[in-house]
Amino acid sequence: MTPVENNILVSTDTEEHAAILEKQLPGSLEGFPVVVGVDRSKQWEIEGEQMMAKVKPVIDDPSNKWILKIPHVIRMDPSVQTEYGEPKTGAVAIVVDSGKSIKEVQSKVPKTIGGFPTTFGQVENWSVGECFTGNGKGCDRDEDDNGADDGSN
């Protein structure tokens, strides 16, 4: 059996604050190593909202409305492609009626619209909202973000 190391994690909002805390905190408390980390979730949320705001005019552009006439397409939404939770680029999410329709619709839509990559998925209704999934296999809200996100979460 491999031993599990437990740490005490202290989170802060910036690299500057992390550097200050690392100087002020002991290296360990009662035998547990103290690790200082930066929680960027609020910053990433703001960046993601800004990216989606840039995508919105592309979705609203009348010259792109032809996509809504493709069979199985329900709507287009602004989306953000992420990597380990960090927003990387805005994207145009093409929402289809069924996971089985994704490949068919992909073959009819360009890889980019207005300079933004396209992502594809279906929407499943949840009592507290919707879940966008690109794999056509349903949504699992308990699943961790495991990295390369194609905008389908």
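Readers should treat all values here as calculations from the given coordinates under stated rules, not as data from a laboratory. Quick caveat: nothing in here was measured; it's all calculated off a predicted structure. Quick reminder, even Gly has a Cβ in these numbers, built from the backbone with ideal geometry, and neighbours come from all protein chains shown.
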Taking amide hydrogens as modeled 1.01 Å from N in the peptide plane, which residues meet the under 5 Å criterion relative to GLY85, leaving out close sequence neighbours?
GLY147
With a ≥ b ≥ c taken as the square roots of the eigenvalues of the C-alpha gyration tensor of the stretch 1-45, please select rounded if a/c is under 1.5 and otherwise prolate if a/b is larger than b/c or oblate if it is not?
oblate
When the chain is fully extended, how far beyond the present Cα-Cα distance does GLU15 get from GLU49, taking 0.36 nm per residue of separation?
10.0 nm
Any residue on another chain or 5+ positions along whose placed amide H is under 5 Å from the amide H of VAL36 is listed here as VAL10
Please identify the trypsin sites (Lys or Arg not before Pro) of the stretch 81-124 that satisfy two criteria: DSSP loop assignment and at most 15 other Cβ atoms within 10 Å. Which are they?
LYS108, LYS111
Which pairs, out of LYS54/LYS100; LYS65/LYS88; LYS42/LYS65; LYS88/LYS111; LYS54/LYS108; LYS88/LYS108, put more than 22 Å between their alpha-carbon atoms?
LYS54/LYS100; LYS65/LYS88; LYS42/LYS65; LYS54/LYS108; LYS88/LYS108
Added length on full extension, which subtracts the Cα-Cα distance from 0.36 nm per residue, ASN64 to VAL38:
5.4 nm
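Considering only DSSP states other than H, G, I, E and B, which GluC sites (Glu not before Pro) in the stretch 12-98 qualify as loop sites with at most 14 other Cβ atoms within 10 Å?
Hits after loop and neighbour filter: GLU30.
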Binning every alpha carbon pair distance of the stretch 1-103 at 10 Å from zero, what are the percents per bin?
13, 26, 22, 15, 15, 9, 1
